[in-house]
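Q: Handing you this structure, nothing more for now.
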Amino acid sequence: MYKGIYVAMTGAMLRSQELDNVTQNMANANTAGYKRTSFSSRLYPLLEGVTDKQNTVYPNAKAMAYFGQSSIDTTDGVVQMTGNPLDLACRGDGFFAVQGVGANIYYTRNGSFSRSKDGILVDGTGQQVLDTANKPIRIIGSQIQVEADGTVYADGNNSGKIKLVKLDPSTVQHMGNSLFSGTEAGTSGGQILEGSIEMSNVNPIREMVGIISALREFEVAQKVITNFDNLAEKTVTEIAKV
Amino acid sequence: MIRSLFTAASGMEAQQLMVDVISNNIANVNTIGYKSGRAEFQDLLYQQLRSPGAPSETGMQVPSGIQVGLGVKPVAVQKLFSQGDFINTGNPLDLVIEGDGFFQLSRPDGTTAYTKAGTFSLDKNGNIVDPDGYPLEPPITIPTDATTITVAFNGDINILVAGQTAPSLVGSITLARFINPAGLQSVGKNLFLATDASGDPITGAPDSQGFGDISQGFLENSNVNIVTELANLITAQRAFDMNSKAVQASDQMLQTTAAMKA
């Protein structure tokens, strides 16, 4: 009937999705290694059977709709000193590679590592941290030192070198559990800081503004829908009165 | 919309846990042998609304998809086993481990507990016990006629008996250490228990094979850094506030939706 009402509807739905996103960032404000998701939306025309003309002007558009897309902001988070020798923060574009036994390799920026009872370097959920040859790193000794390039020394002996990979930015995806999936794109030039943890890169001011704008734009879209409703009501009751 | 409500709720719960852990650290700032904890979080699973690379409605490829996360979950309270400050007490049975290692205590149920708190005293039979009466493992008994007790850096305990000039050895303290001390279970009373994650205890004499030395007349205070804790407290509280704002925003959205149709 009114195509505008559907445009407003998709807009409202998208704003609610945007709030979901902002809330997710906020909930993870204190999650080590979390990378915020940014959300953007744009208006697309839906052309009736004319797909190749989508980038031209849209006089023939029968309807329009909002589409959203999310992307991961991989900028560095704030580094917090902890003093724990196996807390490793990564500066730059690198990711740590971790792997569960017989599982896929995932990537993480949450460098809160510890040793398993066999002395293997593991992350918070027990997945093994990989070295440059994709093998687990076994650390035996009490004095542990990690160099900026990822080389681990235990009591002065070289125990291996932690792998730091660059990921193709367009393939990076959140997997939950502080993990990311993605396609490796070579070694990273990033540096490892020992005794520190990288916190999330969530900026509270930006997220609060995100909440406000999502909420208000949602209300505007609702207003438009209500207006269309009033219009329809008038059409039915007043015009038909003749 | 309902998603954001629950996402924010998980955020509030996580920040609450962080405040709980920080409060426990601050409460134990003067507890001998206490090791500070840190709440650790991970993001929850993601809902894939649209995959990147999927064809869009207009036939083109979507450059980046839509992933909506569902909140945060606590994964661990990690103990930090750095050395605390030393306090000089002058009490001969106040002991400190300078470096790696735990004192071993035998609990009434026969299991062994581990502690960093070296506040020992003697029971009526002359056994060296902790403030709860748990004896050192292996047990060391001081004869009643001993006048001076000396604990050497390597754990040897010598006594001087009245009327004698040469000290005599009554026993040696054995320490334990773990490959993954963060995997130890805290059971209160300054005690830790070994778990499958910590690995089996490696025992040995102080000042050997990576074990720390023993110093007599000192105690190890908690390793809580009050400034860090307060900074973390502020962060946690503000994050809690902001998550509650997200709950309010979700609520308001539902309200306007409901008000749409009179």
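The values are calculated or read from the model by the stated rules, or taken from the named source; none is laboratory data. All figures in this text were calculated on a predicted structure; none of them were measured in a lab. Every residue, glycine among them, receives a Cβ derived from its backbone with ideal geometry; neighbour counts consider all protein chains shown. The protein model used for the area step is the full one, side chains on, heavy atoms only, and it has no ligands, DNA or RNA in it. Shrake-Rupley method; radii C 1.70, N 1.55, O 1.52, S 1.80 Å.
Q: Go through region B:1-55 residue by residue and tally those that are aromatic (F, W, Y) and touching a strand residue (DSSP E or B) at 6+ places or on another chain (Cβ under 7 Å). Spell out the reasoning first.
A: Here is the first cut: in region B:1-55, the residues aromatic (F, W, Y) are B:6, B:34, B:41, B:46.
Checking the rest, the ones that are also touching a strand residue (DSSP E or B) at 6+ places or on another chain (Cβ under 7 Å) come to B:41, B:46.
Summing the residues that are aromatic (F, W, Y) and touching a strand residue (DSSP E or B) at 6+ places or on another chain (Cβ under 7 Å) in region B:1-55 gives 2.
Q: While we're looking at this one, here's another question. For region A:18-31, enumerate the residues that are within 7 Å of chain B (Cβ to nearest Cβ) and touching a Phe, Trp or Tyr at 6+ places or on another chain (Cβ under 7 Å).
A: A:N21, A:N28, A:N30, A:T31
Q: Oh, and also: If you scan region A:142-188, which residues turn out to be of a type in the set (A, V, I, L, M, F, W, C), in contact (Cβ under 8 Å) with a residue 40 or more places away in the chain and either over 20 Å from A:M199 (Cα atoms) or assigned to a strand (DSSP E or B) (or both)? Even if it seems obvious, please write down each step before you answer.
A: Here is the first cut: in region A:142-188, the residues of a type in the set (A, V, I, L, M, F, W, C) are A:144, A:146, A:148, A:152, A:154, A:162, A:164-165, A:167, A:172, A:175, A:179-180, A:185.
Checking which are in contact (Cβ under 8 Å) with a residue 40 or more places away in the chain leaves us with A:144, A:146, A:148, A:162, A:164-165, A:167, A:172, A:175, A:179-180.
If the condition is that a residue be of a type in the set (A, V, I, L, M, F, W, C), in contact (Cβ under 8 Å) with a residue 40 or more places away in the chain and either over 20 Å from A:M199 (Cα atoms) or assigned to a strand (DSSP E or B) (or both), then A:I144, A:V146, A:I162, A:L164, A:V165, A:L167, A:M175, A:L179, A:F180 are the ones that fit.
Q: Considering only residues that are more than 11 Å from chain A (Cβ to nearest Cβ), touching a strand residue (DSSP E or B) at 6+ places or on another chain (Cβ under 9 Å), part of a loop (DSSP other than H, G, I, E, B) and of a type in the set (D, E), which ones fall in region B:71-130?
A: Scanning region B:71-130 gives B:D85, B:D123, B:D130.
Q: Out of the residues in region A:102-128 that are within 9 Å of another protein chain (Cβ to nearest Cβ) and assigned to a loop (DSSP other than H, G, I, E, B), state the one that is nearest to the chain's Cα centre (by Cα).
A: It comes out as A:N110.
Q: Could you look through region B:2-40, keep only residues that are assigned to a loop (DSSP other than H, G, I, E, B) and open to solvent by 40 Å² or more (accessible area, probe 1.4 Å), and pick out the one that is farthest from the other protein chains (Cβ to nearest Cβ)?
A: Once the filter is applied, the top-ranked residue is B:N30.
Q: When you go through (1) among the aliphatic types (A, V, I, L, M); (2) under 30 Å from A:L14 (Cβ atoms); (3) surrounded by fewer than 15 Cβ atoms within 10 Å (Cβ to Cβ) one by one for A:V172, which number turns out not to apply?
A: The number of the failed condition is (3).
Q: Among residues belonging to region B:200-251 that are closer than 25 Å to B:V19 by Cα and among the small types (G, A, S), point out the one that is most open to solvent (accessible area, probe 1.4 Å).
A: Only one residue fits best here, namely B:A231.
Q: When residues of region A:80-101 are filtered for being open to solvent by 50 Å² or more (accessible area, probe 1.4 Å), hydrophobic (A, V, I, L, M, F, W, C) and assigned to a strand (DSSP E or B), how many remain?
A: Going through region A:80-101 one residue at a time, the tally reaches 1.
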